[in-house]
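To start, the structure under review is shown below, and the notes come after it.
The values are calculated or read from the model by the stated rules, or taken from the named source; none is laboratory data. Keep in mind it's a predicted model, so treat the numbers as computed, not measured. Here the Cβ positions follow ideal geometry from the backbone for every residue, glycine too, while neighbour counts run over all protein chains shown.
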Amino acid sequence: MKTKAAFSYQFKNYLRLFGWTYLWAIVLVVFLPLLIALILGQIHGFSVADYLPRVLPAIVVGSFVFAFGGITYDGFKLFIQNGIGRKTYFYSKLLALSSILLIGELINVVYGVLYTHFISNRRAAIFAFSSLYGKYFNSKVENTISVIVITLLFIVCIMVTGMLLGTILGLFSRRAQMMLIVGAPILLIILLAVLMSVNTQNRLISTWLPQFLLYIIGMSDMSTPQGHFIAFAPMISGSVYIIIVLVTTYYLTLRLRVPR
Amino acid sequence: MQFNFDSTEPLYLQVAEQIEEAIFLNSFEEGAQVPSTTEISKQFHINPATVLKGMNILVSAGFLEKRRGLGMFVASGANGKIREKRQQEFYKDYILNLVSEAQKLSLPETAIIEMIKRGYEQNGLD
Amino acid sequence: MDSIKIAHLSKSFGQQAVLTDINLTIEPQTIYGLLGRNGAGKSTLFNIISDRIPATSGEVVIEGQNNVNNDRVLNRIYLMGERNLYPSRMRVSDIFQTTAALYGRMDMDLVHQLSSQFGLNIRTRFAKLSTGYRSILKLIIGLAVDVDYVFFDEPTLGLDANHRELFYSALMDSYAKRPRTFVISTHLIEEIANMVERVLVLQEHHITIDETTEKVLNKGYSITGPTADVTAYTAGLNVIGHDQLGNLRVDYVYGQLNGSRPIPDTVSISHIDLQKLFVNLTSQEVATFEN
């Protein structure tokens, strides 16, 4: 296996791209509004908290792992041209992207702490899940750790979803890809509409579907108070989702070919 | 050196002949190094194994000698040996062909001898 | 160093069979010419050997191991294919760096020497390169990367005569310095004829010839003379084609001549070159399709 060389190549590449993504995000989200405010002469109405969004690091890392997780075929082409098989491609990509995810999350946590201390006492994005699970355990340390784990799992879910979608697209020709990209959402909407109409006619779906969803996010029943949701539920359901999606992606990766 | 690739002769023999010709015409003098397999291969786009095969014919004929780690050199006395070899082959290569063609054209022996004399005169007697 | 063994390899796209029961051993340190008409399946064979596409059945064993998703052996081969698999935005210099990083080793001195000889600007992005320079880029990698088997699929596509000469010289030089296997598929047969040690002919989904160039050339004859004499002489021989000019006929034979049969005075026999041989061997293909 050439995993080491492959990983090192992927990681360096992702790290460079991650830097660029951050730069663009800062330019778009921070400097542009600031510049517009300056031009319009409304700078006095601005507070630091206004133009420094607390969700920025979370959005950057989430969209990065989704987008670059989804770019599959180009990476596969380059690797197979360089004598590296599909398995190694899959593992090295997963490893490299996960490393970026961890780095991104670390930035997110540090940013969140600094943000809460110095800029605004509103909770930063890293602690978004604490409103749901933040009071499940009795100790503050346990609660903080569980919220961080849930957040991490959530972003990993986003990443593997990106990888799965990208791999599915990688199996099809450009034309079929376009049809999928356009067709899939339309199909989904139709499916939802059908479900809704079925739902109004008989209450079959309302019996188990919402129940299932509640179970997944850790509400034992509708009356569970916020912050006291079962923290283990999203951890387990998230892990199960990640494993299923990764295994599916792995086997689809083995089917990649060039020319398609 | 040049190679006539349309020739129906195997390529390694052509390589041997061309080098032999160059030695005979003193383009490669006795004791001098001949171009390496790689050089010939690179310049004429011939597989190095083919070139080597051609050279080895000349080595076993005693026209070239291998010097370990240095390369191929024209053996001493190579020129004379080539001359000798060609003299021996002259009858088979030229005379037999000449006679068979003459017979096809119904030219008598005396006419041929006459022609040979004329050829010598034209070329300047030696 | 071991060989590449291809056993019972078949490939079809849907209903269309491209390769049928191919059995072939590619030896180390040998230069091969893979000859075949357009659409004969040369690229498909290359793509399966380098695991770009799966075989329908059969297998490719490289140095004792199956090639599918096997980095250890895939890393010992480089395919310069007709497809461009490098990212279009990548600069030539980055492509060289990437190849060196992923293959592990590449002769960077040779890369720079050849780049300057061919006039390839390494700052250019891949998408901006002409067809010829895309070929040149891949040729340079093929000659410089540290592998045991290099597959060149139409290596001279878009190259002018000077650049082709340069490539052949670089190939011979590189091969002499570090002997390894090159399998070259090209339509410019005469240009590579003196470099290849073995000839492979891919025809009607099969490998029909797998022999040393010397033997192949030895078996190819043209028999020229008056039609009646020529046809009488070649009766029962493996005649692969003919030319007719008035009463003058040339029969092309592949295989043994009949040693006991007297050669008429009016008939002359000579050997033919590889291109002529190939053209005659494979022109039948069209004929069978038409019938």
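Some points to look at:
- Residues of the range C:212-221 include none that is of a type in the set (V, I, T) and either more than 14 Å from chain B (Cβ to nearest Cβ) or over 25 Å from the mean Cα position of the chain (by Cα) (or both).
- In the range C:100-117, the condition of being without any contact (Cβ under 8 Å) to a residue 12 or more places away in the chain and facing another protein chain (nearest Cβ under 9 Å) is met by at least one residue.
- Selection of first residues in the range A:64-92 that are under 19 Å from A:G19 (Cβ atoms) and of second residues that are at pLDDT 95 or above and among the aromatic types (F, W, Y), restricted to Cβ pairs under 7 Å at least 6 apart or on distinct chains, gives the following pairs, ordered by first then second residue: A:F64/A:F18; A:F68/A:Y14; A:G75/A:Y89.
- Check on B:T38, surrounded by 15 or more Cβ atoms within 10 Å (Cβ to Cβ) and more than 18 Å from the chain's Cα centre (by Cα): yes
- Residues satisfying the stated conditions in the range C:67-86, i.e. in contact (Cβ under 8 Å) with a residue 12 or more places away in the chain, more than 7 Å from chain A (Cβ to nearest Cβ) and over 17 Å from C:G142 (Cβ atoms): C:N67, C:V68
- Residues that are under 17 Å from A:K93 (Cα atoms), loosely packed, with under 13 Cβ neighbours inside 10 Å and among the hydroxyl-bearing types (S, T, Y) do occur in the range A:242-256.
- Residue match in the range C:87-98 (condition: of a type in the set (G, A, S), within 14 Å of another protein chain (Cβ to nearest Cβ), part of a loop (DSSP other than H, G, I, E, B) and in contact (Cβ under 8 Å) with a residue 40 or more places away in the chain): no
- Some residue of the range C:250-262 being touching a Lys or Arg at 6+ places or on another chain (Cβ under 6 Å), free of Cβ contacts under 8 Å to residues at least 60 places away in the same chain and either surrounded by fewer than 19 Cβ atoms within 10 Å (Cβ to Cβ) or not in a loop (DSSP other than H, G, I, E, B) (or both): yes
- Just one residue in the set C:K42, C:K11 is in contact with a helix residue (DSSP H, G or I) (Cβ under 6 Å, 6 or more places away or on another chain) and farther than 20 Å from C:L102 by Cα; that residue is C:K11.
One line per residue, one yes/no per condition, for (1) in contact with a Cys (Cβ under 8 Å, 6 or more places away or on another chain); (2) surrounded by 14 or more Cβ atoms within 10 Å (Cβ to Cβ); (3) modelled with pLDDT under 95:
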| residue | (1), (2), (3) |
| --- | --- |
| A:K4 | no, no, yes |
| A:Y14 | no, yes, no |
| A:L32 | no, no, yes |
| A:I39 | no, no, yes |
| A:R54 | no, yes, yes |
| A:G62 | no, yes, yes |
| A:I80 | no, yes, no |
| A:K87 | no, yes, no |
| A:I103 | no, yes, no |
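- Positions within the range C:12-32 being of a type in the set (V, I, T) and more than 14 Å from chain B (Cβ to nearest Cβ), in sequence order: C:V18, C:T20, C:I22, C:T25, C:I26
- Residues satisfying the stated conditions in the range C:123-135, i.e. under 26 Å from the mean Cα position of the chain (by Cα) and part of a helix (DSSP H, G or I): C:F126, C:T131, C:G132, C:Y133, C:R134, C:S135
- Per-region count, the range B:41-87, residues more than 17 Å from the chain's Cα centre (by Cα), in a loop (DSSP other than H, G, I, E, B) and crowded, with 18+ Cβ neighbours inside 10 Å: 3
- In the range B:27-40, the residues that are part of a helix (DSSP H, G or I), touching a helix residue (DSSP H, G or I) at 6+ places or on another chain (Cβ under 8 Å) and either farther than 18 Å from C:T30 by Cβ or more than 9 Å from every other protein chain (Cβ to nearest Cβ) (or both): B:I40
- Breaking point among (1) out of contact with any helix residue (DSSP H, G or I) (no Cβ under 9 Å at 6 or more places or on another chain); (2) in a loop (DSSP other than H, G, I, E, B); (3) aliphatic (A, V, I, L, M), for C:L120: (1)
- Given (1) within 14 Å of chain B (Cβ to nearest Cβ); (2) touching a Pro at 6+ places or on another chain (Cβ under 8 Å); (3) among the polar types (S, T, N, Q), number of the condition C:N162 does not satisfy: (2)
- Residue among B:L125, B:L107 that is farther than 30 Å from C:K215 by Cβ, modelled with pLDDT under 90 and not in a helix (DSSP H, G or I): B:L125
- Residues that are over 30 Å from C:N121 (Cα atoms) and not basic (K, R) number at least 3 in the following strands (runs of 3 or more DSSP E) confined to the range C:136-236: C:198-203, C:206-212, C:220-226.
- Residues within the range C:175-195 that are within 7 Å of another protein chain (Cβ to nearest Cβ) and buried (at least 24 other Cβ atoms within 10 Å of the Cβ), tallied: 1
- Whichever residue in the range C:265-283 is more than 20 Å from the chain's Cα centre (by Cα), in contact (Cβ under 8 Å) with a residue 12 or more places away in the chain and within 14 Å of another protein chain (Cβ to nearest Cβ) and, among such residues, is farthest from C:L35 (Cα to Cα): C:T266
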